[in-house]
Structures are given as C-alpha cells and as structure tokens.
1. Which of the residues spanning segment 70-81 are crowded, with 19+ Cβ neighbours inside 10 Å and either on the phi > 0 side of the Ramachandran plot or not hydrophobic (A, V, I, L, M, F, W, C) (or both)?
2. Take the residues in segment 286-302 that are assigned to a helix (DSSP H, G or I) and of a type in the set (Gly, Ala, Ser); name whichever of them is nearest to Ala207 (Cα to Cα).
3. When you go through Ala230, Ala212 one by one, which is the residue that is farther than 30 Å from Leu338 by Cβ and modelled with pLDDT under 85?
4. Across segment 163-181, what is the number of residues that are more than 22 Å from Gly73 (Cβ to Cβ) and either free of Cβ contacts under 8 Å to residues at least 60 places away in the same chain or among the aromatic types (Phe, Trp, Tyr) (or both)?
5. Looking at Ala305, Ala328, which is the one that is among the small types (Gly, Ala, Ser), in a helix (DSSP H, G or I), over 18 Å from Gly179 (Cβ atoms) and touching a residue at least 12 places away in the same chain (Cβ under 8 Å)?
6. Could you list, in sequence order, all residues of segment 308-325 that are of a type in the set (A, V, I, L, M, F, W, C), at pLDDT 80 or above and in a helix (DSSP H, G or I)?
7. Out of the residues in segment 283-302 that are touching a residue at least 40 places away in the same chain (Cβ under 8 Å), farther than 16 Å from Ala337 by Cβ and of a type in the set (Gly, Ala, Ser), state the one that is surrounded by the fewest Cβ atoms within 10 Å (Cβ to Cβ).
8. Considering only segment 50-66, state which residues are crowded, with 17+ Cβ neighbours inside 10 Å and not small (Gly, Ala, Ser).
Amino acid sequence: MQDTSALETTGSGRLLTALTSALLVVAMVVPWGRVLAQTGDPVLLNELLVSHTGADTTEFFELYGTPGHPLAGLSLVVVDGDGALAGTIDLRVDLPGDATLGGNGFYLIGNPVGLAANYGVTPDLPLPQSDLVPNGSQTVAVVASAGLGAKGSLVTGAEDTRDAVGLTDTGTSDSWFWGAPVLGPDDGFMPAGGHRISDGVDTDTAADWAFADDLLGPTNTPTAATPFTATPTPSPSPTATPTPVPTPDEGPVDTQDAPSVTALLELLQQAAGDGLVAAKRLHQLEDRLARVQRFLDYGQASAAAAQLQAFANQVQGFAPRWVDQATADALAEAAEALRAAIASA
C-alpha cells in the first residue's frame, strides 16, 4: 500500500456515517489528567541516564509498571543510531528469571558505584562496569529476549518490543527503531537521558518525557524496587457467602451505552478495507485496542483509559501519511468517547 497518495478519500464519508450510527458519543468529557495516575502497560521504561558530567559512573535504567509483574524473558537493549552503525546492539542486559517489578512498581538497572555515591540507591540489577553506553543517537528499549540478537548484531525491527525511547545528537543520517519517540537535542547536544513527566504515563510521544540532569542533580530520581507481597486469596466462609464490595479496579468495567472496543476495532478494520488505513500500520493500532480490551477485562480502568489516549495519539500521528485525516479524526473521537465513559464508570 502506498502512502498518502494511495489512501482513497471516498470511503471516509462511509466511516463517518458508520461512527454516527453505530456509536453513542458520551456527552460528559472527563479531563485526561484524571485517568493517568497509573501506567497503561505492564512494564515501561520510566527513567534513564546514559551520559553525565565526568566519567559515566551513574548510568541507570528505571522500569515501572504493575507491581509484581514478572520480568523474566525480557531484555534491556541500547541500539546505536549513528549513521553506518545504526541498528547495532551496543548493550544487551537480560533480566533474571526471578526478576519482578517491586511493590512500588519500580525496578532499577544501573551502575552500583555511582548510584550509591550520588543517590544513595542500590540497583536491583547491577551493571558490570561504568560507561557501558556509547554517547550518540540511540534507541533504548525493553524487548522480549526470544528472537533478539546478541550484542554487536543488527536488530531487524520485528522484535517483540514492550517499550522504547530514542535520544538524538542531531546527526543527519541517524535512525531510531520500533517507532520510539525521540528526545533531544538538549541545548544542542544529545540529552543525558530522560524521565517520564508522570510515572508510567505512556502516550507513545516525546511529550511524556523531560530531559535528565547531566549534572547529577536531584531531578534525577533512580528508584529501586521495594518488596512485593502478593495479596492472599481469602478462603471462602463455611457459613456464609459475603457480598463482595466493588473497588475501582475490580471486575470488568461497565461502560453502559458507550462505544465498545469491539465496535472501534471493527471501524478500524473497515477503514483499512476501504483503503483509508495503510496495512503497514493497521497491526499496531489493532494491538493497541487489544491492550485496551485486556485491561478492561482485568478491571484496570485507568490503564485502559491511558491506552485509549495512546491509540488516539497514535492514529493522529499516522495521519495523513498512513491514515486518511478524516478517518483519523473519527477514530480518535470514538476513542475519546469510550475513554470518557470508562473514566466516569
């Protein structure tokens, strides 16, 4: 499928008509900030520092997500983005089989000497030496270990990537991978790293991020895991069946008459069939909606709402090159209606 020139516009009216007739737009719009207190993904890159004043003794990578989420089978990778070296794995750190996000949702990988000296923190997984990350344009990502090449090999772009962020030193021939949002430059140079403005808030855009402090100041906040204790399952009472008390994240979320994820998915696929969504981007949008449904099934309303915001941002980011603009507007509006319903449920 071609880019904008190949996207037919004749079908956009049909999609808008379908949206009008098939979806009930919720009148009450809830501010985005209300639903972004927790992550929309089980595990995310949350903060990283790869370059700072003096010798790089305090490199670290902070993960964040659902407390207790297992990290086995995942790897942290740094991929070179500079010119002819672009795509080369400069660093691969396989997470231990017993690694999990802590009770506070954090897990810290980093240099133990610098972290102790500058922040009084002990990483959950120590890096074996200082200055492991080359300074330059790069992509940092959390990737499934299966199918990932060794250090020094080239990535294919088809790896199972859970989260990624890029840093740029403004090289004109540089590249980034897995659709990572790119940070920088910072005062004309590659940024020292970055941190999410709000822990775990992920809309897959650079707007989620702020620059790290290359002077090792207090705005860098490397956080290690606290112990995680699974909530025990209560034994049923032999004499009576207690009435369960609902909690905000317990059981499937009831969105009543709001548009459903299934309806949104069907409209997306209809638009693709009409030539309004490029096939090369369809699977990414389908995967995002699958995450929304999974979080709804688990009763994790805030996480589902955050994924819907990410879907709306993503579909607009693909317009007009890979998604017809009117179609992107319609899909984003439907996602907003569902998000508002979830937030008010």
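The values are calculated or read from the model by the stated rules, or taken from the named source; none is laboratory data. From a predicted model like this one, the values you see are computed outputs, not experimental measurements. Note that each Cβ is placed from the backbone with ideal geometry, even for glycine, and that neighbours are counted across all protein chains shown.
1. Hits for segment 70-81 are Ser75, Asp80, Gly81.
2. Ser302
3. Going through Ala230, Ala212 in turn, the sole match is Ala230.
4. 4
5. Answer to the check: Ala305.
6. Leu308, Phe311, Ala312, Val315
7. Going through the qualifying residues, I end up with Gly299.
8. Passing the criteria: Val50, His52, Asp56, Thr57, Thr58, Glu59, Phe60, Phe61, Glu62, Leu63, Tyr64, Thr66.
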